[in-house]
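The values are calculated or read from the model by the stated rules, or taken from the named source; none is laboratory data. The structure displayed is predicted, hence computed values, not measured ones. Cβ sites come from the backbone with ideal geometry, for glycine too, and all protein chains shown count toward neighbours. Ligands, DNA and RNA are stripped out before the accessible areas are found, and what is left, the full protein with its side chains, is counted by its heavy atoms. Shrake-Rupley method; radii C 1.70, N 1.55, O 1.52, S 1.80 Å.
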Amino acid sequence: MEVGRLPISASQRGKLISAGYTTLSSLSSLSPSDLALGAQTAWDMLHEDEMFPRITTSCLDLDNVLGGGINCKEVTEIGGVPGIGKTQLGIQLAVNVQIPVDYGGLGAKAIYIDTEGSFMVERVLQIAEACIEDMTECNGLLRKDFQAGQLKMHPNNILENIFYFRVCSYTEQIALTNYLDKFISEHKDVKVVIVDSVTFHFRQDFDDMALRTRLLSGIALKLMKLAKEHGLAVVLLNQVTTKYIEGSFQLTLALGDSWSHSCTNRVILYWNGNERYAYIDKSPSLRSASAPYSVTSKGIRNSASNCKRIRMM
């Protein structure tokens, strides 16, 4: 069995995988002294990040380069071309934040702010059903003395725990951003805010660039404050645009270089042939690295090539 399917937090899984422990047998065959990694043991690794929860993406490689998943208390920007899976990832995070603590999750709720009309309830239900299937399977594999029916989650409950806001203009977006602090104070179990996308209304018929910059800076400051004060993750999905660099036009995330300072982490999604990749473009704590991922009927998962590699180990 893979370490990635253990009922532990995403950050704990990421640390074990980084240390080379990819299967359950690789852990069970070692003595406590063998598990020591320098001055730190694998047991320490499993517990040191409990105060810094992360939300799994459901893709082991992606979690690994993210240090275990999307970090709470931080603003993470995720951008890429249309069809790369930004909304799929946003929905996956809104579902995964609800994974119970006993299964390595946060047992929390989500806010989803939809500026483009791309949120699909049917897709959320599909991903929710797959998430419950995975936990039920994990329950059966690791907790044989428990009954799988003890997992008291239903896809409808997952939908009920996603607070959805449809935003149709930049003025509505600003008003909602101002309202979020009050809303979250009344719903303290919210641990992720997803904005899909943060850029859409600010790219439509906006001639005053100085005003746009001021408004966006105000939104960014409020979201960063929200993340820190409420201990939650803010995930901003972004579009791409073209920029003239060194004699040619290249794809870059929208809103310009100044906006890149408004987030803690920046992740760029891109195609490499027929495979999707995520690249850590900016982070104060994560090294620049790429990871493959897939968008499947069940949601975000390991890439097909990575699944083959794991099965051969």
Working only within the range 196-208, note down all residues that are open to solvent by 10 Å² or more (accessible area, probe 1.4 Å) and either over 18 Å from L253 (Cβ atoms) or touching a Leu at 6+ places or on another chain (Cβ under 6 Å) (or both). D205, D207, D208
From the residues in the range 281-306 that are crowded, with 21+ Cβ neighbours inside 10 Å and hydrophobic (A, V, I, L, M, F, W, C), which one is farthest from S58 (Cα to Cα)? A291
Filtering the range 77-96 down to residues that are surrounded by 24 or more Cβ atoms within 10 Å (Cβ to Cβ) and among the polar types (S, T, N, Q) yields Q92, N96
Picking from L221, L211, which residue would you name as being open to solvent by 70 Å² or more (accessible area, probe 1.4 Å) and either in contact with a Ser or Thr (Cβ under 6 Å, 6 or more places away or on another chain) or modelled with pLDDT under 95 (or both)? L221
So which residues in the range 197-225 are among the hydrophobic types (A, V, I, L, M, F, W, C) and either in contact with a Cys (Cβ under 7 Å, 6 or more places away or on another chain) or in a helix (DSSP H, G or I) (or both), if there are any at all? F200, F202, M209, A210, L211, L215, L216, I219, A220, L221, L223, M224
Take the residues in the range 114-128 that are within 18 Å of the chain's Cα centre (by Cα) and among the charged types (D, E, K, R); name whichever of them is surrounded by the most Cβ atoms within 10 Å (Cβ to Cβ). D114
Condition check: modelled with pLDDT of 90 or more, crowded, with 21+ Cβ neighbours inside 10 Å and not small (G, A, S). Does V167 satisfy that? yes
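Report, by residue number, each residue of the range 227-247 that is of a type in the set (A, V, I, L, M) and open to solvent by 10 Å² or more (accessible area, probe 1.4 Å).
Selection gives V240, I245.
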Inspect the range 233-243 for any residue being in contact with a Gly (Cβ under 6 Å, 6 or more places away or on another chain) and not in a strand (DSSP E or B) and give the result as yes or no. no
Among all residue pairs at least 6 apart or on different chains, which show Cβ distances below 9 Å where the first residue, located in the range 188-205, is acidic (D, E) and the second is buried (at least 22 other Cβ atoms within 10 Å of the Cβ) and assigned to a strand (DSSP E or B)? D196/Y112; D196/I113; D196/V235; D196/L236; D196/L237
From the list W271, W259, which residue is at pLDDT below 90 and over 15 Å from the mean Cα position of the chain (by Cα)? W259
How many residues does the range 259-276 hold that are open to solvent by less than 40 Å² (accessible area, probe 1.4 Å), outside any strand (DSSP E or B) and either of a type in the set (S, T, N, Q) or within 18 Å of L66 (Cβ to Cβ) (or both)? 4
